[in-house]
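This report refers to the structure that appears directly beneath it.
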Amino acid sequence: MNGSSRGCLRKTEIGGALRDKNGCVLALCSGPMGEGYAANAKLLAIENGLEIFANSGWVGCKHLVIESDPMLSISWCLNPCIQPWNFAKVFKRVDT
C-alpha cells in the first residue's frame, strides 16, 4: 500500500495491491483521500488495505504482510507511544 502528497499539504492519493504468498494479485485499490501530508496518505493506505483484507474473507486462511515506504507509518502502527495524536481515530480503527 502506498500514499503520496508530494511532500506538503496537498491532495493525497493512495494505491496498493494485496497479493498472495506467491505474489499473485488478489485485489487492487487506488483513489483520492483528501488533503494531507505524505505520512497521512501512507497511513490511510495501510488502513484501506486492512479494511479490504478484513472484509475479503481471507482472514484466517491467508497471511497479511504490510509493506510501506517509509517505515514511519508501520512503526506508528507497532508502537503506540510514538503515534501522532492527530491520527488517534485512524489508529483506533487499525487496532480493531
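The values are calculated or read from the model by the stated rules, or taken from the named source; none is laboratory data. Keep in mind it's a predicted model, so treat the numbers as computed, not measured. All Cβ positions, glycine included, derive from the backbone under ideal geometry; neighbour counts span all protein chains shown. Please note that ligands, DNA and RNA were not included when accessible areas were found on the heavy atoms of the full protein model with its side chains. Shrake-Rupley method; radii C 1.70, N 1.55, O 1.52, S 1.80 Å.
Identify the residue in the stretch 1-33 that is modelled with pLDDT of 80 or more and among the small types (Gly, Ala, Ser) and, among all such residues, is surrounded by the most Cβ atoms within 10 Å (Cβ to Cβ).
Ranking the candidates gives GLY16 first.
Could you look through the stretch 52-77, keep only residues that are under 13 Å from the mean Cα position of the chain (by Cα) and open to solvent by 90 Å² or more (accessible area, probe 1.4 Å), and pick out the one that is nearest to GLU13 (Cα to Cα)?
For the stretch 52-77, the residue satisfying everything is ASP69.
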